[in-house]
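The values are calculated or read from the model by the stated rules, or taken from the named source; none is laboratory data. Fair warning: this is a prediction, and the values are worked out from it, not measured in the lab. As a convention, Cβ positions derive from the backbone with ideal geometry for all residues, glycine included, and neighbour counts pool all protein chains shown.
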Amino acid sequence: MEAVEQAVCFANALYDKKATNIEVLDIRGLTIIADYFVIASASSALQAQALADALTEKAEEAGAELLRTEGLREGSWVLMDFGAVVVHIFKKDIREFYGLERLWADAPRIALPFTE
């Protein structure tokens, strides 16, 4: 599975588990840390943890290797590193505070098959 397909697959999995405000940013050419960011909001730390657990399961099914996870215990900002795709799951207030979309404003957005 190509990185963009993986990113969209992860976005869909998060959407299916009731994450909100999901975006996929194409950061190729802007940084070497990854090709795509998937950013999603959770209403609580518990939901963020549940989303991360569901995504881990989906990634295993898809054959994607989870290289590293940060912030799972706290649940306010969970970072999941799959190499070419990095997933950020934020509590809503934490997402607003850090504003990754503003930091990566030059990154094109990938169209997703669902609307919110």
Which condition breaks for Ala107 when tested against (1) outside any strand (DSSP E or B); (2) aliphatic (A, V, I, L, M); (3) under 12 Å from the mean Cα position of the chain (by Cα)? (3)
Leu103 passes all but one of (1) modelled with pLDDT under 95; (2) within 18 Å of Tyr15 (Cα to Cα); which number fails? (2)
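Would you point out the residue of the range 20-31, among those that are outside any strand (DSSP E or B) and at pLDDT 95 or above, that is surrounded by the most Cβ atoms within 10 Å (Cβ to Cβ)?
The first filter runs over the range 20-31 and keeps only residues outside any strand (DSSP E or B), leaving 27, 29-30.
Applying the additional criterion that residues be at pLDDT 95 or above yields 27, 30.
On the way: Ile27: 18, Leu30: 14.
It comes out as Ile27.
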Matching residues in the range 32-52 - criterion: being part of a strand (DSSP E or B) and either farther than 18 Å from Ala84 by Cβ or without any contact (Cβ under 8 Å) to a residue 12 or more places away in the chain (or both): Ser41, Ala42
Taking only the range 96-106 into account, find how many residues are within 15 Å of Leu25 (Cα to Cα) and either buried (at least 21 other Cβ atoms within 10 Å of the Cβ) or among the charged types (D, E, K, R) (or both). 3
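So, of the residues in the range 1-15 that are touching a Leu at 6+ places or on another chain (Cβ under 8 Å) and small (Gly, Ala, Ser), which turns out to be nearest to Ala34 (Cα to Cα)?
Among them, the one singled out is Ala11.
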Kindly provide the set of residues from the range 69-116 that are of a type in the set (Val, Ile, Thr) and without any contact (Cβ under 8 Å) to a residue 12 or more places away in the chain, ordered by number. Thr115
Restrict the check to the range 59-73 and report whether at least one residue is crowded, with 18+ Cβ neighbours inside 10 Å, more than 27 Å from Leu30 (Cα to Cα) and modelled with pLDDT of 95 or more. no
